[in-house]
């Protein structure tokens, strides 16, 4: 049923975009999928069944306990998360630039992310970063600038305070369908069809497979490492 619901979500979004392009296709598809899963008692996982109930109030800010031992223990992980978060955020910004024709400001992006990651733990939150999936979804939904990100945060807060129980009913399959459609739309199919050199195709294929079966960051790292190795071998071959 999860696959059926995901496919139905994709079909609804595609149909609405073709019929009524100005309508919020993603939101309508999620609402319809949630109603169908709830009314028909479909055996699919929802946000509530997978992650538990969504809180309807904000936690009171508080300083975490800070000791030298804890700082030393967390420092390596903190540095790793900061580097990976910066890489993923800037990659997301580059993708958004390509989709919108705008030009992001790297320093502003990283400073804002740093401030957010300093403030978030005060409310019991975890490290945040810009992601390609959410960025692309936002752009495909009609976003044109950074105000959309602010509204995104405001809407999440509003839904949490007003409709937290309803959000728990959203099927994960519906969200998977949305992400699959976004990923498909992100692919520059014409550019891929132009690729003929085996080094480029190898890097593309390895990055794709590692990202699918492992993780985005690992996929990017694998692609970069393979690209470096191939370039090194090609230079040695030509030099020899």
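The values are calculated or read from the model by the stated rules, or taken from the named source; none is laboratory data. All values reported here derive from a predicted model rather than from experimental measurement. Every residue, glycine as well, gets a Cβ built from its backbone with ideal geometry; the counts of neighbours run over all protein chains shown.
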Per the list (1) surrounded by fewer than 11 Cβ atoms within 10 Å (Cβ to Cβ); (2) in contact with a strand residue (DSSP E or B) (Cβ under 6 Å, 6 or more places away or on another chain), residue check on residue 62 breaks on (2)
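Results for (1) more than 15 Å from residue 175 (Cβ to Cβ); (2) exposed (fewer than 14 other Cβ atoms within 10 Å of the Cβ); (3) assigned by TED's automatic domain parsing to the domain that holds residue 120, shown as yes or no for each residue.
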position	(1), (2), (3)
5	no, no, no
12	no, no, no
17	yes, no, no
40	yes, yes, no
Does residue 157 satisfy being touching a helix residue (DSSP H, G or I) at 6+ places or on another chain (Cβ under 9 Å), surrounded by fewer than 16 Cβ atoms within 10 Å (Cβ to Cβ) and in a helix (DSSP H, G or I)? no
Which condition breaks for residue 169 when tested against (1) surrounded by 14 or more Cβ atoms within 10 Å (Cβ to Cβ); (2) under 20 Å from the mean Cα position of the chain (by Cα); (3) not in a helix (DSSP H, G or I)? (2)
Odd one out for residue 10, checked against (1) at pLDDT below 90; (2) not in a loop (DSSP other than H, G, I, E, B): (1)
Among helices (runs of 4 or more DSSP H) entirely inside region 17-115, those with 1 or more residues being over 30 Å from residue 161 (Cβ atoms) and more than 24 Å from the chain's Cα centre (by Cα) are 68-100
What pairs can you find where one residue is in region 204-224 and not assigned by TED's automatic domain parsing to the domain that holds residue 86, the other is not in a helix (DSSP H, G or I), and their Cβ atoms are less than 9 Å apart, with a gap of 6+ or different chains? 204/195; 216/131; 222/214
I want to confirm something. Restricting to region 99-124 and keeping residues that are within 16 Å of residue 186 (Cβ to Cβ) and in contact (Cβ under 8 Å) with a residue 24 or more places away in the chain, which single residue is surrounded by the fewest Cβ atoms within 10 Å (Cβ to Cβ)? 100
